Each structure stands twice: as C-alpha cells, then as structure tokens.
1. Give T180, T206 a once-over and let me know the one that is crowded, with 18+ Cβ neighbours inside 10 Å, away from the ligand (no atom under 16 Å from the Cβ) and on the phi < 0 side of the Ramachandran plot.
2. Determine if segment 33-46 includes at least one residue that is within 21 Å of the chain's Cα centre (by Cα) and assigned to a helix (DSSP H, G or I).
3. So which residues in segment 147-175 are of a type in the set (G, A, S) and within 16 Å of the ligand (Cβ to nearest atom), if there are any at all?
4. Assuming T190 fulfils every condition listed in (1) closer than 26 Å to S138 by Cβ; (2) surrounded by fewer than 21 Cβ atoms within 10 Å (Cβ to Cβ); (3) not charged (D, E, K, R) apart from one, which condition is it?
5. Among the residues that make up segment 89-97, is at least one of them in contact with a strand residue (DSSP E or B) (Cβ under 8 Å, 6 or more places away or on another chain), under 26 Å from K181 (Cα atoms), at pLDDT below 85 and assigned to a strand (DSSP E or B)?
6. Report those helices (runs of 4 or more DSSP H) wholly inside segment 155-260 carrying at least 1 residues which are modelled with pLDDT of 90 or more and out of contact with any helix residue (DSSP H, G or I) (no Cβ under 7 Å at 6 or more places or on another chain).
7. Is it fair to say I111 is farther than 13 Å from T201 by Cβ and either among the β-branched types (V, I, T) or at pLDDT below 65 (or both)?
Amino acid sequence: MVNQRRHVSGAVYILLLTGPELWGLVSQTCNGRSQSPVNIVTSKVLPDERLTPFHFTGYKETFYESLINTGHSVQLNLPSSIQIKEGNLVDEYKHTIDGETFPMEMHIVHIKEEYDLLAEASKDSTSVAVLGFFFQESESANEKYDHLISALKYISQPKTNVTLVGVSLDMFIPSEIDRTKYFHYKGSLTEPDCAEAVVWTLFESTIPLSRNQLATFNQLLFYDGQKMVNNYRPVQPLNGREVYYSSGQLALVSSVASFI
Ligand SMILES: *[C@@H]1O[C@H](CO)[C@@H](O)[C@H](O)[C@H]1NC(C)=O
C-alpha cells in the first residue's frame, strides 16, 4: 500500500495498477457500492458553484524526494511544504470521461492530518482526497517531464527507488491545467483494500506526453514481473452516486482529444 510513512501530507504518484480481476477476492470492500474509478458522463454531471478553484502553495519550490517503483505504480513523495488547497471543500484507476480512456493517470493523494496511514484513514468516508490528472499522447515531448522520465531507468525493478533532485510541482502539473474545471465525486481507493474513503477530484485539462515518453513508463516492472501496461482497474458502477462539476460552462474533454 502507498504511503506507509508517518505524517505524510501528500504524495504524487503516477498510477499503473495490477491484477484488477482478482480484486474482489483480495478484499470484500472492493465489492462495495461506492468504488472507483468511474466513467464520468459529462451530460449528466451537476454544476456546483461551491467547487471553487484549487490553489497550490509551493508550486515552483524545488525539492528532492524518492521516486519509487512500488511494484504497483511509480510514486513520488511530496515534501510537507507543498499544500494544495481546495476552494470550499471542507476537510480536506482508470477513470474515463464519456467512455474515453487515457494512457496514464496521475494521482496526488492527500490524507487528513489526523491519520498517519492510509489504512487508518479508510474508516472515514472523506479522509483521503485524491486529485487526478489525465495524460494524453501528444506529437511533441513534454520537456518538463524529462527529469522524471530519465530517472525511470534506475527503478525498472519493483521495490527500487532513486532520489530526484531539483524537482517542483510545476514540472508535473503544467501551468496550463485549468484549476477551475474539475469533476468531483465520492469513491474509493483504486487499490485493495479499496476503502470507500476518497473524495475524488478529476481535472478536465490533460497533461501532454509523447508516445516515447509514455512508453518509458510501460518498461517498468510490476511485482509479478509483468510490464506496467494496461493494468488499470476497470470502471466501477456509480450506483446512484452524483458527479459534480466545478463550472457552469462545460468544455468537453473529448474535444481536447481531437488535436492528436
Ligand atoms: C530506497 O532503497 C533503499 C535500498 O533498497 C532502501 O533502504 C530505502 O528504504 C528506499 N527508500 C524508500 C523511500 O523507499
């Protein structure tokens, strides 16, 4: 499980998950009624004016942290100086939008401060906040990702890590990402034990990476020796849950795909 460090305030990790078809067997919670990921149908989302823009503190601040091949995903921890404040929200695996899938998804995981571990936090339905960003294949390389991608060769094996020096949040979340436009719903962790403890935020703007850059992530190995490719958890039923949208004006993500 991610984040077994004490007092973790957040972590950025690029998520590529294992064996979804076995998950129901791993934990009964994975068969629950409020699971993630879900398919977001943009024509059915409910505009919610209370969902105000996100603010990232320490966005340009450089830090050094371990980049880890956890055997399930690539994880980069964030220093506690970085804070992500969600507009008016109190307490603070492969998602699809209108059925569209994305080659990769990045999750910034926030655990409420009173909980030390993800396992402890899972008893409270809003104890974890995850910000999700979608990657999309682009013609040209995204140079801001070069540093991260060139470090991946040191962590091709599960349970290995390398220290990234001189990185900042702005290398991972492009300034072009519109922090005012996002989807919001209550769901679960996308890895066993799939605890239904997550407030999900999924940004509509996507992060570009070239085909070669995306392929580098696929060279990493999972615990079972398989490559980290096409191993997302399939979408789960909404079972009556509502998905909210932060803005009255909905620009469909699907239209972004047409420039590729
Ligand atoms: C990185 O790997 C070293 C050597 O295996 C290990 O001692 C250390 O705990 C690892 N660090 C993290 C953050 O996983």
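The values are calculated or read from the model by the stated rules, or taken from the named source; none is laboratory data. Everything quoted here is computed from the prediction, not taken from an experiment. Quick reminder, even Gly has a Cβ in these numbers, built from the backbone with ideal geometry, and neighbours come from all protein chains shown.
1. T206
2. Yes, segment 33-46 contains a residue that is within 21 Å of the chain's Cα centre (by Cα) and assigned to a helix (DSSP H, G or I).
3. A151, S156
4. It is condition (2) that T190 fails.
5. yes
6. Those helices (runs of 4 or more DSSP H) span 211-218.
7. Criteria met by I111.
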